[in-house]
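See below for the structure under consideration.
The values are calculated or read from the model by the stated rules, or taken from the named source; none is laboratory data. Keep in mind the model is a prediction, meaning the values are calculated, not measured. Glycine gets a Cβ as well: all are built from the backbone with ideal geometry, and neighbour counts include every protein chain shown.
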Amino acid sequence: MKPFRDEIEALQQNGITKVAFKRLHDPAVIPLWFGEGDIPTPTFIRDAAKSALDNGETFYTHTRGRPELRDALKSYLDELYGIELDERRITVPGAAMLGVTIAAQMVMTTGDHGLIVGPVWPNIDAVFRVTGADVSYASQHLTENGWRLSVAEILEQVRPSTKAIFVNSPCNPTGWVMSRQEQQELLTFCRDQRILIIADEVYHRTVFDGPHAPSFLEIAEEDDPLVVVNGFSKAWAMTGWRVGWVVTPKRHELQWTALSECFNTTTNVFAQLGAVAALEQGEGFVRQLQTQYKRGRELVDQAFGEHPLFNYQSPQGAFYAFPSVKGCDDGLAFVEGVLAEEDVGLAPGYTFGPGNDAHFRVCFARSPKQLEEGLRRIIRFAEKHYG
Ligand SMILES: Cc1ncc(COP(=O)(O)O)c(C=O)c1O
């Protein structure tokens, strides 16, 4: 008997951790490889979780998340998007990643097809493949006006067996933001064809021209084939907490309850009570991070946008730059070289899906001083080897 299903046997470690694990926590390295900054979660959120523990909040809770967190999420989303959500559509999984996993498991199995808008964060590819589905990509391309992909190009890749389309906007790693009009076109098509859109909106608060990115929630009806996945990791600097949320079709409430029980039966209670504080008191902090990320983008724009050696377009959202070096078609070699010679941690492009081998990803969420030094070293390496 084979020890694993074929899909599990074929899994690969993602390229980010593959590079990073060699020098993880090495204080000599400026870590621009993971999707997080260097500011810890603010005290008022940590205090709320501490008080929850002190108050004995250590028991099982509602499968879809603490009612006060789901209420706070409803209020947050209603106000942010000017909508009126039914609270029964909200479930709190252990982070956004688990939300994507459950959504994918719900609709795909062997013989189905899952379509991913690329480039994409590598764990999404793995989640889709684990279902047994055949996976393919509709990929953004780099133009003089930024990363672009029309809805027609996405729809060209749809097959009769397509069960889910994954879209991450603002996009990790390119910073592409899907417009309201494009969201509407995709939603209309998927409503008609009964294909599930898994909309990953974890960077919803990281855009550079407004308070939030366009959300599918602003245009969808409550029983549209749509799961919007989000979480606390990025906008509130809570990556280690593992708290996410999903907004699902109303008629899927029972299935989300049942499948949540198969996974982790919502997430840690005290972390959820910290998340309530994040929603109720965190708007100032979200804006402070937005300002820092804006500064980060200015720095990467200056570093790569004005340098003749780099192919680069400024991101519209999220907190990553995804350039390539002219004359270098091996982004992994570049990343390994920068780590070995300059002690800067980057993510190799190949891991973000097909067609990205030449690229590398820089996370610019870190504080400006460290980021500036990291960028200076990347440029020194590029000039030395490719200049
Ligand atoms: C596009 C995207 N989705 C999901 C996640 C994971 O979020 P969480 O920490 O809530 O699992 C990330 C993390 O980098 C991401 O970039």
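Points worth noting:
- Any chance MET97 is closer than 25 Å to THR267 by Cβ, away from the ligand (no atom under 16 Å from the Cβ) and either modelled with pLDDT of 95 or more or outside the structural domain of PHE360 (by TED's automatic domain parsing) (or both): no
For (1) hydroxyl-bearing (Ser, Thr, Tyr); (2) touching a helix residue (DSSP H, G or I) at 6+ places or on another chain (Cβ under 9 Å), each residue gets a yes or a no:
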{"site": "THR291", "(1), (2)": "yes, no"}
{"site": "ARG297", "(1), (2)": "no, no"}
{"site": "VAL300", "(1), (2)": "no, yes"}
{"site": "PHE304", "(1), (2)": "no, yes"}
{"site": "PRO308", "(1), (2)": "no, no"}
{"site": "TYR312", "(1), (2)": "yes, yes"}
{"site": "CYS328", "(1), (2)": "no, yes"}
{"site": "LEU332", "(1), (2)": "no, yes"}
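- Residue within the range 69-81 that is in the same structural domain as SER233 (by TED's automatic domain parsing) and among the basic types (Lys, Arg) present: yes
- Residue match in the range 78-86 (condition: in a helix (DSSP H, G or I), at negative phi, touching a helix residue (DSSP H, G or I) at 6+ places or on another chain (Cβ under 7 Å) and surrounded by 14 or more Cβ atoms within 10 Å (Cβ to Cβ)): yes
- First in the range 197-213 and assigned by TED's automatic domain parsing to the domain that holds VAL247 and farther than 11 Å from ALA96 by Cα, second anywhere and more than 12 Å from the ligand (Cβ to nearest atom) and among the charged types (D, E, K, R), Cβ under 6 Å, 6 or more apart: PHE208/LYS294; HIS212/ARG205
- Selection status of GLN290, touching a residue at least 60 places away in the same chain (Cβ under 8 Å) and assigned by TED's automatic domain parsing to the domain that holds PRO323: yes
- Condition met for GLY118 (touching a Phe, Trp or Tyr at 6+ places or on another chain (Cβ under 7 Å) and within 30 Å of ASP301 (Cβ to Cβ)): yes
- Filter result for the condition that a residue is farther than 29 Å from ALA138 by Cα and either of a type outside the set (S, T, N, Q) or not assigned by TED's automatic domain parsing to the domain that holds GLN13 (or both), over GLU336, GLU373: GLU373
- Test: ALA199 is over 30 Å from ASP38 (Cα atoms), assigned to a strand (DSSP E or B) and among the small types (Gly, Ala, Ser): no
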